[in-house]
Amino acid sequence: MKRRKAIVSIFLLSAGVAATYTGFKAFHIYKTPDWKFLDNCVNMMEELAEILIPETDTPGAKAAAVGPVMKMLVKNAIKRTDQNNFIEGLKATQQYCIKEFNKDIDALNNSEKEKLMQKIFDDDDEWNGLIGKVKRKLTGHSYFSLLREYSSIAFCTSQLGAEKALSYDHVPGRYFPCIPLENGQHSWATK
């Protein structure tokens, strides 16, 4: 009889711990996002996007001023779980910069920025397959995937990104629904 009581007690204790952890995680994911922190992180988001899309022969993310667009996308275009994941990721990134390098992100040199981005990439917990779909549905996308996605969206939709980094052919004039193609000609990218 004592063995049965011990097994039931261990089971109930395990269930209680699991329920407490799940409740804490749910509160952490579904709480109201920290908008003040996000408003103060526009420069940090531009620095992180610049690491992903650096200036080469084309302008980088910082020159395209992607920070305000990323902030607007996070505030208005994603679920609350993704908003909290992104803001918590920004907080963790800021804390890592202070702890590891004793400076803010805009004072980091290139090798330190690469180390920072490698740390963010290594901490990415995005899973694939059916389990990944269920996890993303319940807890949202990971910080790195959101950062990568919104950096590229903000850059590609900016004027500098569209005109200097991408092929852009402005097509003014009237609409012609059927234009005959010549032999061997590719179809137009813009319609």
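For K5, indicate whether it is part of a helix (DSSP H, G or I) and at pLDDT below 90.
Numbers: part of a helix (DSSP H, G or I): yes; at pLDDT below 90: yes.
For K5, the condition - part of a helix (DSSP H, G or I) and at pLDDT below 90 - is met.
Do you know which residues across the stretch 54-104 are among the charged types (D, E, K, R) and closer than 15 Å to L147 by Cα? Working first, answer last.
Keep residues of the stretch 54-104 that are among the charged types (D, E, K, R), which gives 55, 57, 62, 71, 75, 79-80, 82, 88, 91, 99-100, 103-104.
Correct list: K62, K71, K75, K79, D82, E88, K91.
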Within the stretch 120-142, take every residue that is surrounded by 15 or more Cβ atoms within 10 Å (Cβ to Cβ) and basic (K, R) and give me the one that is farthest from V74 (Cα to Cα). K135
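For a quick check of your reading: which helices (runs of 4 or more DSSP H) sit entirely within the stretch 72-170 and have at least 3 residues that are among the aromatic types (F, W, Y)? Can you show your working first?
Details: elements: 80-101, 110-122, 129-139, 143-156.
Qualifying helices (runs of 4 or more DSSP H): 80-101, 143-156.
The values are calculated or read from the model by the stated rules, or taken from the named source; none is laboratory data. Since we're looking at a predicted model, the values are computed, not measured. All Cβ positions, glycine included, derive from the backbone under ideal geometry; neighbour counts span all protein chains shown.
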